[in-house]
1. Which value, to two decimals, describes the C-alpha radius of gyration of the chain once divided by 2.2 N^0.38 Å?
2. Leaving ligands and nucleic acids out of the surface, order 397, 376 by accessible area at 1.4 Å, largest first.
3. Pop out the carbon and sulfur fraction of the accessible area of region 294-397 as a percent, whole number, probe 1.4 Å.
4. Taking H placed 1.01 Å from N in the peptide plane, check which residues at least 5 places from residue 336 or on another chain put their amide H under 5 Å from its amide H.
5. Please determine, in degrees from 0 to 90 and to the nearest 10, the orientation of helix 43-62 with respect to the longest principal axis defined by the Cα atoms of the chain, where the helix direction is its Cα long axis.
6. Under the √(5λ) rule applied to the eigenvalues of the Cα gyration tensor, what semi-axes describe the equivalent ellipsoid of region 317-364? Give them in Å, descending.
7. Taking the Cα centre as origin and putting +1 on Lys and Arg beta-carbons and -1 on Asp and Glu beta-carbons, what dipole magnitude results for the chain, to the nearest 20 debye?
8. Considering amide H positions built from the backbone, and no H for Pro or chain starts, which residues 5 or more places from residue 6, or on another chain, come under 5 Å of its amide H?
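The values are calculated or read from the model by the stated rules, or taken from the named source; none is laboratory data. Everything numeric in this text was worked out from a predicted model, so none of it was measured. We place every Cβ from the backbone using ideal geometry, glycine too, and count neighbours over all the protein chains shown. Each accessible area value is taken on the protein alone, full model and side chains, heavy atoms only, with ligands, DNA and RNA left out. Shrake-Rupley method; radii C 1.70, N 1.55, O 1.52, S 1.80 Å.
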Amino acid sequence: MMEFTSDGIVRWGFGFYNPNHAAALITLLFPLLWPLFNRPGRRPKVVAGIAAAGLIAALALTGSRTGMAVLVMEMVFFCCFYGRRFLKYGLAALVVLVAAFALSGMLGRFGIDRALTNRPVIWRGGAELFSLLPGGCGLGDSGRIVSEFLLPEGSGIVCRTLVNSHLTWLVEFGAVPGVLYVFAVLVALFRLPRRSEPFRPALWCAVVGTLVSATLASCFDWPLLFDFYSFGTLPLLNWLLSWLLLLGFCAAVVLLWLPKVSRRRLLAAAGAAVAVVAAIWIAGWGMRDGSAPELFRADGVLMLRLRGNDPVLALYDREWTAGEVAEFIRRNLPGQGAEIPLDSWAEKVEPPPASLCRSVLLFGRAADWADRLEAYELQLAAPPENMPLPERTRKIYVGRYVHFEAETAAEVSRY
């Protein structure tokens, strides 16, 4: 399992695989100490001070820049909500925070690097994907689709999610769940807490802080959270802590709904949620430059369509990706269209979606489908060695330096 490091120093995850997720949990818990500072007597303040120092030290060991920024924001909120008399606690926490990051050797992380500059590029691709598929692309597919088709050519960026939990939810699950998600949060936030309320300011700031954390990172990793069998191929403890973070956030949101919600707040939150989702769709639509492929569903399967003449149905094995197949077709079959499933089809037992294409192009081990797709003219790319070639094989593509000998009337082309 990969370790997260900074200048050779290992960043602590405290049971999380990603230290940024640990930082999000720390900043969710930190405001919950505030009511203790507001209680009379010295003992509650001492207990809260010790706990706060421990959380700050743990945050420094994660090396999370987002976590540090969120904690500073939370301390500003703390002074605003509880008054100037608590300014000394905020300043003390700030001093401890800077000292902890300096002692942990993590101050060197505070600079501009590709981890920061890549995020707006990925978010732009996510907005464009949402404009292409407002009904959702499916759990766990957003990062892959954006990486292969919607990022600038030569960027070298490969992402598993959209590095923004809110945008990932919207793009993967679609507009309706996205509106409900935004609505639930806005109902909680649209009533600002009062200084006279002992606990509400802490909950409000914990929710805001977690929202910021999840905006700048994938703190809520949806494919991992909903993987109840292999836990995202990561340790069980990471999965349990990830659920603890999500449930803690949801609990804070629900408590902010209480004790009652006015009709005006519900209507305002509903209108704002629809406006936010619509703005993302409009922004994504406006970012299109015509290079993005068409995405559609056929028999429930997410497919990619390349525009062109005489399209082929392209199936491939796990040695290929949909992006590589699309690039192969653009280079070797110029002007020809294609329909490509977003997932490998070599291991599947069900037939591919019905298509109006006249020919099928099989890559690698997907050639095993040759005898079961008799209605199509057949083309093969990088077929397995010693494969018996069906008589209807029209063209074969092999690597430039691959030795290929076969008694066939099919045209052989090298790529």
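1. Numbers: Rg = 26.5 Å, N = 415, 2.2 N^0.38 = 21.7 Å.
Relative to the rule-of-thumb radius for its length, the chain sits at 1.22.
2. Values: 397 5, 376 30 Å².
Ranked from most to least accessible, the order is 376, 397.
3. Working: 2350 of 5150 Å².
Ligands and nucleic acids excluded, carbon and sulfur reach 46 percent.
4. 309
5. 30 degrees
6. Numbers: eigenvalues 66, 42, 13 Å².
So the three semi-axes of region 317-364 are 18, 14, 8 Å.
7. Values: 39 positive and 33 negative charges, 678 e Å.
Using Cβ point charges on Lys, Arg, Asp and Glu, the chain gives about 3260 debye.
8. Counting only residues 5 or more places away or on other chains, the set is 11.
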